Amino acid sequence: MDRMSVTEEFAGIQLPGHLHTPESLRYAQDFQFKEGDVVIVTYPKSGTTWMQEILTLIYSQGDPEIATTVPNWERTPWLEHIYFKDLLKEGEGPRIITTHLPSEVLAPALQDTKAKVIYIARNPKDVAVSYYYFHKMAKFLPEVGSFPEFLQLFLEGKVHYGSWFDHVKGWHRQKKNLDFFYITYEDLQKDLRRSIKKVCGFLGCPMYTEEVDKVEQHCRFSVMSQNAMVNYTLIPREILNHDQSKFMRKGIVGDWKEHMNHEQSEAFDEIFREKMSDCDLKFVWSLD
Ligand code: PPS
């Protein structure tokens, strides 16, 4: 329950002190990646947990044993978190490492290695909604007011982990310098099976049809939301209060439509166009 109200400043962004210290952040910045490492990179609320589960199941050939007995933060630990050093295991398989850190901090170390980087992006309107509800449940994040107030801070990049725009653009700019695979939350939603196969292709992990069936089955929202190893119900309510909101909340594309009125959506689009004018990434805002 330590450092719940502490905020760390690092690389121009704010991070929750409950999970990060100056030492843990320095360790992350200096971390020696190596060939075989697989690094999941996301801005918060973009599909991190989903990809952690997909990779766990791909590397276990669809066997749910690990996915249902080991918490995701142990099997795919966050590089920048206080507990990383203790959790990172040197086993037989690849080290799967998760991070929300910006490209400026990690790309230099990654460029010199053959580590594989999987970047998952999600349309920022849904990220903002999901992040708003996460602030309500996560007691290590600042208190938030109304959704419009939070949305303003999000668009200005004045939330923990910094600007969504900077994060996505920064990592996307690195795609030619790294062994880089880009996929979106919406791709996973539209066709989970195809997405799993693409990830397998990138990792060089061929799978039998029945194994892909199992990965797909265990990575459905309905299954993951009941899996205590990924739904964060193991964390005490003083840290994550599931009465305020669930971690596995809705798991859909387009929930922003229930939260933004026409003017808010238009204003968002305007800022999006301006900030993304130097980036050719396209986002899917709804699956209707
Ligand atoms: S975090 O805190 O950064 O690790 O959060 P992250 O895992 O990136 O994002 C949480 C959101 O992802 C949704 N989620 C899923 N959606 C669909 N299918 C599956 N299997 C799945 N797993 C996680 C989760 O519900 C959060 O989104 P919202 O919109 O809040 O429901």
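Placing +1 on the Cβ of every Lys and Arg and -1 on the Cβ of every Asp and Glu, with nothing else charged, gives the chain a dipole about its Cα centre of roughly 320 debye.
Length gained on full extension, Arg3 to Ile252: 86.4 nm, using 0.36 nm per residue less the C-alpha separation.
Comparing Cα centroids, segment 45-66 and segment 79-118 end up 16 angstrom apart.
Among Lys139/Lys198; Lys85/Lys116; Lys158/Lys250; Lys45/Lys257, which pairs are too far apart, with a Cα-Cα distance over 29 Å? Flagged as over cut-off: Lys139/Lys198. With a Förster radius of 22 Å applied to the beta-carbon distance between Arg220 and Glu65, the computed FRET efficiency rounds to 0.75. Inter-label distance, Lys114 to Arg194: 3.1 nm, where each label sits 7 Å from its Cα along the C-beta direction. Look at the Cα gyration tensor of segment 1-57: its axes a ≥ b ≥ c give a/c of at least 1.5 with a/b at or below b/c, and that counts as oblate.
Backbone N atoms of segment 109-125 closer than 17 Å to the 7 Å Cα→Cβ label point of Phe147 belong to residues 123-125. Can you grab the distance from the C-alpha centre of segment 135-163 to the C-alpha centre of segment 246-288, Å, no decimals? Here the two parts' Cα centres lie 16 Å apart. Take every DSSP beta bridge whose two residues both sit in segment 5-160; close to 30 percent of them are antiparallel. In terms of the Cα gyration tensor, with a ≥ b ≥ c the square roots of its eigenvalues, is the chain rounded because a/c is under 1.5, prolate because a/b exceeds b/c, or oblate? Note, shape of the chain comes out rounded. Each Cα pair under 8 Å and six or more residues apart adds its sequence gap; the mean of these over the residue count of the chain is a relative contact order of 24 percent. Each other residue within a Cβ distance under 12 Å of Ala11 adds +1 if Lys or Arg and -1 if Asp or Glu, for a net charge of -4.
Using a/c under 1.5 as the rounded threshold, could you call segment 71-222 rounded, prolate or oblate? The axes a ≥ b ≥ c are square roots of the C-alpha gyration tensor eigenvalues, and prolate needs a/b larger than b/c, oblate otherwise. The shape class here is prolate.
Taking Cα centre as origin and charging only the Cβ of basic (Lys, Arg, +1) and acidic (Asp, Glu, -1) residues, the dipole magnitude of segment 1-140 rounds to 420 debye. Quick one: work out the % antiparallel among DSSP beta bridges in the chain, nearest 5. That works out to approximately 25 percent antiparallel. Along Cα→Cβ, 7 Å out, is where each label goes; now give me the distance between the ones at Tyr83 and Arg26 in nm to one decimal. Rounded to a tenth, the inter-label distance reads 2.4 nm. Charge dipole (Cα centre; +1 on Lys/Arg Cβ, -1 on Asp/Glu Cβ; no other charges) of segment 193-273 amounts to roughly 360 debye. Restricting the GluC sites (Glu not before Pro) of segment 27-106 to loop positions (DSSP other than H, G, I, E, B) with no more than 10 neighbouring Cβ atoms within 10 Å leaves Glu35, Glu90, Glu92.
A short reminder: the numbers here are calculations on the coordinates, not readings from a lab. Please read all numbers here as calculations on a predicted model, not as lab measurements. Here the Cβ is made from the backbone with ideal geometry for all residues, glycine too, and neighbour counts use every protein chain on show.
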